[in-house]
Amino acid sequence: MKTNKHIDVKLIEAYNAGDKNALAQLVKRWHVIFCKKAYWIVKDADLSKDIAQESWRTIIDKLDKLENSSSFGSWSKQIVYSKSLDALRKRNRELLKQKEFKYEQSVYDEIYNENTQLKEDLLKAILSLTIEQQVTIKLFYKEAYSLKEISDMLNLSIGTVKSRLFHAREKLKQILKANNRQ
């Protein structure tokens, strides 16, 4: 009576001699075992089938280099085991990246929402300034004109422009402080 190892040895020898049917029989004998071994590690049926398939590619590529055909079972299971661990590591890395992305996204959303609210509060505060202060603030901060350029445009002394900016900033500080913003 032939043992399973003897059957595997004969199938491997036949495949290495060019018999494609021998490979089909080898796959039929071992594929379910590989799927179960992979599933035991990754706990995902679809992923375990993919791992078994990928393991077969490696096994077929290296089958002619297998020195002791009677060790096919342990050798091939080791390949499945390694591929399963690789898939598990990859899945864990992807999950970690997703968690990091979600965390970063929530932090950015929080900062964005905070900044948006701050901008809205600042805009409301600017609208409460005098027209002269609003114009000076806009030209200096939004349009990025220099003090000299603003004084020339508004036909004011540089000292008056500085004074308007100072008083506008002080009033904005008071308004934002009253709204718990600084």
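Read the figures in this text as sums done on the coordinates, not as results from a lab. Just so you know, these numbers come straight off a predicted model, no measurement behind them. Glycine also receives a Cβ, built like all others from the backbone with ideal geometry; neighbour counts cover every protein chain displayed.
To test your reading of the geometry: what angle, between 0 and 90 degrees and rounded to tens, separates the Cα axis of helix 72-127 from the longest principal axis of the chain? The two axes meet at around 10 degrees. Separation of the stretch 151-182 from the stretch 19-54 is 74 Å, based on Cα centroids. Note on K77 and N115: the extension gain reaches 8.1 nm, defined as 0.36 nm multiplied by sequence separation minus the Cα-Cα distance.
Bridging of K97 to aspartates and glutamates at a Cα separation below 18 Å is possible for D86, D109, once same-chain residues fewer than 8 apart are set aside. Between the stretch 64-103 and the stretch 125-140, the C-alpha centres lie 64 angstrom from each other. For K20, the lysines whose Cα falls under 20 Å of its own Cα, not counting residues fewer than eight places away in the same chain, are K5, K10, K28, K62, K65. Helical content of the chain, expressed as a calculated mean residue ellipticity at 222 nm, amounts to -28000 deg cm²/dmol (DSSP H runs of 4 or more residues, -39,500 (n - 2.57) each, divided by residue number, nearest 500). For the stretch 78-95, the residues whose backbone nitrogen is under 11 Å from a point 7 Å from the Cα of K102, taken along Cα to Cβ, are 95.
Computed from the C-beta positions of N155 and N180, the FRET efficiency with R₀ = 35 Å rounds to 0.35. Binning at 5 angstrom from zero up to the longest distance, how are the C-alpha pair distances of the stretch 99-178 distributed in percent? Binned Cα distances yield the sequence 3, 14, 20, 17, 13, 10, 8, 6, 5, 2, 1, 0.
Taking Cα pairs under 8 Å and at least six residues apart, what relative contact order does the stretch 1-73 come out at, in percent?
On the way: 44 pairs, mean separation 28.2, N = 73.
Computed value for the stretch 1-73: 39 percent relative contact order.
Helix 45-62 axis versus longest C-alpha principal axis of the chain: approximately 60°, rounded to the nearest ten.
Between the Cα long axis of helix 158-178 and the first principal axis of the chain there is an angle of about 60°, rounded to the nearest 10.
Across the stretch 29-182, Cα-Cα pairs farther apart than 24 Å form 62% of the total. Among V32, V80, V161, the residue with the largest mean-square fluctuation in a Gaussian network model of the chain, with springs joining Cα atoms closer than 10 Å, is V161.
Extension gain for I7-L66 works out to 19.7 nm (0.36 nm per residue, less the C-alpha to C-alpha distance). Within the straight-line cut-off of under 17 Å between alpha carbons, the lysines reachable from K142 are K119, K124, K162, sequence neighbours fewer than 8 places apart in one chain being disregarded.
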